[in-house]
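Below is one structure, written out as structure tokens, with a few remarks after it.
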Amino acid sequence: MNMKKLSFLLLAILTLRCLKPISAACHVDDEAGLLAFKSGITADPSNKLSSWKPGTDCCTWAGINCLNNRVTSLSLGGQPDQPNTFLSGKISPSLAKLKFLDGIYLQNLNLSGPFPDLLFGLPNLQYVYIEHNRLSGRIPDKIGNLTQLGALSFYYNRFTGPIPSSISKLTRLTQLNLGGNLFTGLIPYGIKNLKSLTLFNLEQNGLSGPIPDFFSSFSELRILRLSRNKFSGKIPASISALAPKLAYLELGHNALTGQIPDFLGNFKALDTLDLSYNGFSGIVPQRFVNLTKIFNLDLSHNYLTDPFPQLKVKGIESLDLSYNSFHLNQIPKWVTSSPIIYSLKLAKCGIKLKLEDWKPAETYFYDFIDLSENEITGSPIGLLNKTDFLVGFSASGNKLKFNLESLRIVKTLKQLDLSRNLVFGKVPSGVSGLDRLNVSHNHLCGPLPATKFAASAFLGNDCLCGAPLAPCK
């Protein structure tokens, strides 16, 4: 072949390559499966699926990722703070046509229907996050067939019945999140086989019985959330094996009893500990001084007694010790010195101080302060007038004495409870923007501003008048 013919052939090849589309359209089965999914959607007010049009490349559609012209992930999400970003309807079984799908992410939508059996027809599926929807019914026993899964989350749906014991066959799982459903019964003991878990969440269900003593299997676990169930008994001893890596231990709102185990003082990576609303008794272990990285500690609503250890934290973000049998006398120094605290709740903690004498290092970030049912005197004006993001302040059942009209009510404030104190002056009009108000049983006087609150919010004062109380004379 002479050089002229060779040059012509090369030019022809290059021309053909230039004319060829950069990427071919997605596979016909993928397009058909996705369009069937769209046809099952009955409401799409924000037009999430407007780009899903027949005859166009489905790899370019919103929420779709492809590899080699096959759909590998479906990701659609709503915005909780934007109510029109949902999708109503059911999940079409035709999604099983997407044989190369490895991830389904359908979050904060409004999808309903039973467990999506289409999952069993997806051989490459590894990640399932169908969260904040309205799926209901039972999870089938054959879920144990999805042995290739690395993550399974049905967080906040409406599934009922027991958690299938066959879920223990999913030994590749690193995340199991079934929180926020209506599951009942016991935690299947076979879950101990899921040794690769980093996240295990069953919070906000109706599960009962003792927490299984099987945690020595979970060497990688970083997040354990079992709050808001009906678990009873003691904290199992095997949880001590989680000390090297566990960052979140949340067991609040159950019926657990006994003493807080000493071994929790070994959890040096712990960020959050929630043992609230249980029946724990005795003292808080002195070894809690080792929890130097803890940012969120909630021991409220138990039967814990003095002494409380002096923690050695650099900064606490939120603390709740309310409604135990503590007699702290003062707000702890490690709380006062925190530069990042946003929530402080020490109701009925035996605190005796003049509020002006409390000089926290930082007040700017406070969201919530609850100092109710203590023996606190003085005025909160200096403290509260230095907060710009305060959402709630409660100090009922103290001896605070100040003019309510001097209180700066910031735009973020939604809850104010100053009942059963010595507060005087008039009720300022700024309270009308609150969601909750209680200034009953004080020494307030004068006509009330127009508000939406019931008479109970104002009863027991010296001379308040006007709706919802008796008319002013």
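The values are calculated or read from the model by the stated rules, or taken from the named source; none is laboratory data. Source: prediction; values computed, not measured. Here the Cβ positions follow ideal geometry from the backbone for every residue, glycine too, while neighbour counts run over all protein chains shown. Side chains are part of the model used for accessible areas, which takes the heavy atoms of the whole protein and leaves out ligands, DNA and RNA. Shrake-Rupley method; radii C 1.70, N 1.55, O 1.52, S 1.80 Å.
Considering only residues that are open to solvent by 20 Å² or more (accessible area, probe 1.4 Å) and touching an Asp or Glu at 6+ places or on another chain (Cβ under 8 Å), look in region 292-308 and name the one that is farthest from L270 (Cα to Cα).
Going through the qualifying residues, I end up with D298.
Give the residues of region 138-163 that are out of contact with any His (no Cβ under 9 Å at 6 or more places or on another chain), assigned to a loop (DSSP other than H, G, I, E, B) and buried (at least 18 other Cβ atoms within 10 Å of the Cβ), sorted by residue number.
Result: I139, L146, L149, F154, I163.
Inspect region 124-131 for any residue being among the polar types (S, T, N, Q) and not in a loop (DSSP other than H, G, I, E, B) and give the result as yes or no.
no
Quick check, is I409 among the aliphatic types (A, V, I, L, M) and open to solvent by 40 Å² or more (accessible area, probe 1.4 Å)?
Spelling it out, I409 is indeed among the aliphatic types (A, V, I, L, M) and open to solvent by 40 Å² or more (accessible area, probe 1.4 Å).
So, in region 29-53, of the ones that are basic (K, R) and outside any helix (DSSP H, G or I), which residue ends up nearest to S75 (Cα to Cα)?
Step by step, filter region 29-53, then rank; the result is K48.
I need the full set of residues from region 168-184 which are over 23 Å from A243 (Cα atoms), open to solvent by less than 20 Å² (accessible area, probe 1.4 Å) and in a strand (DSSP E or B), in order please.
F183, the sole residue that qualifies.
When residues of region 273-294 are filtered for being part of a helix (DSSP H, G or I) and either under 17 Å from L346 (Cβ atoms) or of a type in the set (K, R) (or both), how many remain?
The total comes to 2.
Does any residue of region 204-213 turn out to be over 20 Å from L249 (Cβ atoms), at pLDDT 95 or above and either in contact with a Phe, Trp or Tyr (Cβ under 6 Å, 6 or more places away or on another chain) or aliphatic (A, V, I, L, M) (or both)?
No: zero hits.
Output yes when any residue across region 92-103 is of a type in the set (K, R), at pLDDT 95 or above, touching a Phe, Trp or Tyr at 6+ places or on another chain (Cβ under 6 Å) and closer than 20 Å to D30 by Cα, and no when none is.
no
Working only within region 351-385, note down all residues that are open to solvent by 50 Å² or more (accessible area, probe 1.4 Å) and among the aromatic types (F, W, Y).
Y364, F365, F368 - these are the residues of region 351-385 that are open to solvent by 50 Å² or more (accessible area, probe 1.4 Å) and among the aromatic types (F, W, Y).
With V284, V289 as the choices, which residue is more than 14 Å from V335 (Cβ to Cβ), surrounded by fewer than 15 Cβ atoms within 10 Å (Cβ to Cβ) and among the aliphatic types (A, V, I, L, M)?
Matching residue, one of V284, V289: V289.
For region 185-199, give me each residue that is part of a strand (DSSP E or B) and either in contact (Cβ under 8 Å) with a residue 60 or more places away in the chain or buried (at least 16 other Cβ atoms within 10 Å of the Cβ) (or both).
L199
Say we look at region 200-250 and pick out the residues that are part of a loop (DSSP other than H, G, I, E, B) and among the charged types (D, E, K, R); which of these is surrounded by the most Cβ atoms within 10 Å (Cβ to Cβ)?
By that ranking, first place goes to E203.
Being modelled with pLDDT of 95 or more, assigned to a loop (DSSP other than H, G, I, E, B) and of a type in the set (S, T, Y) is the requirement here; does S23 meet it?
So S23 fails the test.
Any chance region 424-437 includes a residue that's under 23 Å from G315 (Cβ atoms) and of a type in the set (A, V, I, L, M)?
Checked against the condition, which is being under 23 Å from G315 (Cβ atoms) and of a type in the set (A, V, I, L, M), region 424-437 yields no hits at all.
Looking at (1) part of a loop (DSSP other than H, G, I, E, B); (2) closer than 14 Å to G33 by Cα, find the lone condition where V71 falls short.
(1)
Are there any pairs with C-beta distances below 7 angstrom linking a residue in region 265-291 that is over 16 Å from I235 (Cα atoms) to a residue that is in a loop (DSSP other than H, G, I, E, B) and among the polar types (S, T, N, Q), with the two at least 6 apart or on different chains, and if so which?
Listed by first residue and then by second, the contacts come to K268/T292; V289/Q310.
Which of the following residues is modelled with pLDDT of 95 or more, of a type in the set (A, V, I, L, M) and within 25 Å of K348 (Cβ to Cβ): L270, L224, L297?
Exactly one of L270, L224, L297 is modelled with pLDDT of 95 or more, of a type in the set (A, V, I, L, M) and within 25 Å of K348 (Cβ to Cβ), namely L297.
Here is a check on your reading of the model: is F458 hydrophobic (A, V, I, L, M, F, W, C) and more than 22 Å from L346 (Cα to Cα)?
Taking the combined requirement at face value, the residue satisfies it.
Which of (1) among the aliphatic types (A, V, I, L, M); (2) over 27 Å from S456 (Cα atoms); (3) crowded, with 19+ Cβ neighbours inside 10 Å is the odd one out, the single condition I340 does not satisfy?
The one condition I340 does not meet is (3).
Step by step: first the residues of region 318-336, then only those that are open to solvent by 20 Å² or more (accessible area, probe 1.4 Å) and in a loop (DSSP other than H, G, I, E, B), then the one that is nearest to W358 (Cα to Cα). Which residue is that?
Q330
From the list L273, L264, which one is out of contact with any His (no Cβ under 9 Å at 6 or more places or on another chain) and either under 27 Å from F365 (Cα atoms) or hydroxyl-bearing (S, T, Y) (or both)?
Criteria check complete, one pass: L273.
Within region 392-406, track down each residue that is surrounded by fewer than 18 Cβ atoms within 10 Å (Cβ to Cβ) and touching a residue at least 24 places away in the same chain (Cβ under 8 Å).
Passing the criteria: K399, K401, S406.
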